[in-house]
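Just below is one structure, and these are the notes that go with it.
What follows draws every value from the coordinates through simple rules; no lab data is involved. None of these values were measured; they are calculated from a predicted model. Every residue, glycine as well, gets a Cβ built from its backbone with ideal geometry; the counts of neighbours run over all protein chains shown.
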């Protein structure tokens with residue numbers, strides 16, 4: 001990354017490091033990390049747009065960008081090994097999908113406005129989008145085994161609602 005661009009957009013390396021630190025937290029659940037990146041890109045759209053510009057310009061990738069991307073995929077892999085993500089998902093694809101989803105409202109503001117329409121304010125949409133993004137990320141986890149499913153109803157925003165997997169065929173009643 002160009003030092004002049006970092007100074008202009010972030011007030012120097014300390015500002016860049018502070019912005020980057022908001023998304024590098026392996027001890028925090030993935031849904032919170034992704035929503036944290038969403039909030040970071042909304043709080044400092046110049047940061048998100050600079051990343052977009054760098055990617056669209058076709059210039060060479062910096063060592064720092066490569067290291068950051070590698071760390072992101074490694075983090076996804078580690079979370080997957082701990083059960084935070086379904087093992088059938090490809091960590092590299094998940095990293096790119098979540099990165100794009102978190103940055104979408106900032107990098108695609110006209111589309112975000114069109115999707116929002118007149119249904120809600122920008123602030124309401126931002127909260128709803130963050131909630132839905134977190135829910136989507138939580139639902140990327142493997143479902144618990146049948147014998148480990150909770151018996152109480154799931155609270156709003158919890159990992160997944162219990163599923164009744166022992167359905168009766170149509171027309172058959174349970175005695």
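Assorted remarks:
- Computed extension gain for residue 123 through residue 46, at 0.36 nm per residue and net of the alpha carbon distance, reaches 25.8 nm.
- Computed FRET value (nearest 0.05) for residue 57 with residue 142, which takes r as the C-beta separation and R₀ as 45 Å: 0.70
- Cα gyration tensor, segment 60-152 - rounded (a/c under 1.5), prolate or oblate: oblate
- Distance between modelled label sites at residue 88 and residue 114, nm, 7 Å Cα→Cβ extension: 3.3
- As a calculated quantity, the FRET efficiency between residue 74 and residue 96 at R0 = 22 Å, using C-beta atoms, amounts to about 0.95.
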